[in-house]
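What follows is a set of notes on a single structure, which appears directly below.
The values are calculated or read from the model by the stated rules, or taken from the named source; none is laboratory data. Since this is a predicted model, take the numbers as computed values, not measurements. As a convention, Cβ positions derive from the backbone with ideal geometry for all residues, glycine included, and neighbour counts pool all protein chains shown. Accessible surface areas use protein heavy atoms only, side chains included; no ligands, DNA or RNA. Shrake-Rupley method; radii C 1.70, N 1.55, O 1.52, S 1.80 Å.
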Amino acid sequence: MRAFLIDGYTTPLHEADAAEPTLRDDDVLIAVEAAGLNMLDEKVRQGEFKAFLPYSFPVILGHDVAGTVIRVGSRVRSFRAGDRVFARPRDNRIGTLAERIAVDQADVALAPTSVSVAEAGSLPLVALTAWQALVEIGQVGPGQKVLIHAGAGGVGTIAIQLAKHLGASVATTASGRNADFLRELGADVVIDYRTQDFAEQLTGYDFVLDSLGGENLEKSMRVLSRGGTAVGIAGPPTPAFASRRGLNPVLRLVIGALSRKVRSQAKKLGVRYEFLFMRADGAQLAQIAGLVDAGVIRPIVGATYAFDEAPAALASLERGGTRGKTVVLGA
């Protein structure tokens, strides 16, 4: 089948003739109709996560899929051929930039029926990230104050809508040209990161979702009230994360050193810091699909590319400037 893959870390994404997916007993074979792209794809290509997420090459990239079920494994009961589904395949089983992919049934959900296949394909990774940050870790609820960075990005556009649905007051950072758009999504306060310092404008927040890391994360913790929570999706990873991943003792020490400064700052401020590396979860996707069909969450697709243009689509992520998600359409 046609697929876009890399032959090693830092090598270019290119088209190749790949083997057909192997269908396991718990798998759903999906004809790919749309594959959302994420910065995670580029970070995998660059080898940024190889310490705890190694891949054997060649590897087909792509972490988001929407499409139609072709066939199911012998133990699959919840899906059948012809179902329209979406998924974020679990780590080490990625590969949505292809004509077909086999995905464990636990990672799959029926796609929302009220949106296009491109919009459905844009959702899985970013929506699961927002859900696991706000609902699982933050337990965000009515009356809380939430800060979401990079509001016009893939995670940000979904997180703003979800936080508003949960009853929170929402602030976000973005360029000024996106202010009206983000208010339409539910943001109560929009900070123009080019002309304003959010740390001087905001105070007394309960939760921050940080997608930038570094100094931005350190400043974010200062806008939290004591007992507040900062979730970072750009790092640094924490010893708790390393323990959950079952990493070896040497890697745990390295990760502990990388996050020591942030953890120390959090302790002094009386706040909590957690690193989130989202996981595949079909049950959560089913709940997200319900919110989409109820009109609570609107997928934002800023750019679509033909299948042949997958390398250009991936390169566009580095340039930035796209609202919401970039999606590669099926072959």
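Quick check on region 60-84: of everything there that is over 12 Å from ALA111 (Cβ atoms) and among the β-branched types (Val, Ile, Thr), which residue is surrounded by the fewest Cβ atoms within 10 Å (Cβ to Cβ)? Across region 60-84, the extreme among qualifying residues is ILE70. When ALA315 is tested against (1) in contact with a strand residue (DSSP E or B) (Cβ under 7 Å, 6 or more places away or on another chain); (2) surrounded by fewer than 15 Cβ atoms within 10 Å (Cβ to Cβ); (3) more than 30 Å from THR203 (Cβ to Cβ), exactly one condition is not met: (1). One residue stands out among those in region 235-269 that are assigned to a loop (DSSP other than H, G, I, E, B) and in contact with a strand residue (DSSP E or B) (Cβ under 7 Å, 6 or more places away or on another chain): the one that is nearest to VAL155 (Cα to Cα), which is GLY235.
Of the strands (runs of 3 or more DSSP E) entirely within region 42-131, those holding at least 2 residues that are hydrophobic (A, V, I, L, M, F, W, C) and more than 16 Å from the chain's Cα centre (by Cα) occupy 65-72, 100-104, 108-110. In region 158-174 there is at least one residue matching the filter, namely being small (Gly, Ala, Ser), surrounded by fewer than 24 Cβ atoms within 10 Å (Cβ to Cβ) and in contact with a Pro (Cβ under 6 Å, 6 or more places away or on another chain).
Looking only at region 229-273, residues that are among the β-branched types (Val, Ile, Thr) and either open to solvent by 50 Å² or more (accessible area, probe 1.4 Å) or touching a His at 6+ places or on another chain (Cβ under 9 Å) (or both) come to 2 in all. Number of residues in region 22-41 that are buried (at least 20 other Cβ atoms within 10 Å of the Cβ) and part of a loop (DSSP other than H, G, I, E, B) equals 1. Give the residue that is surrounded by the fewest Cβ atoms within 10 Å (Cβ to Cβ), with candidates limited to residues of region 277-312 that are touching a residue at least 40 places away in the same chain (Cβ under 8 Å) and of a type in the set (Phe, Trp, Tyr). It comes out as PHE277.
Can you work out which of the residues in region 142-157 that are part of a helix (DSSP H, G or I) and open to solvent by 10 Å² or more (accessible area, probe 1.4 Å) is nearest to LEU224 (Cα to Cα)? Checked region 142-157; the qualifying residue nearest to LEU224 (Cα to Cα) is VAL155.
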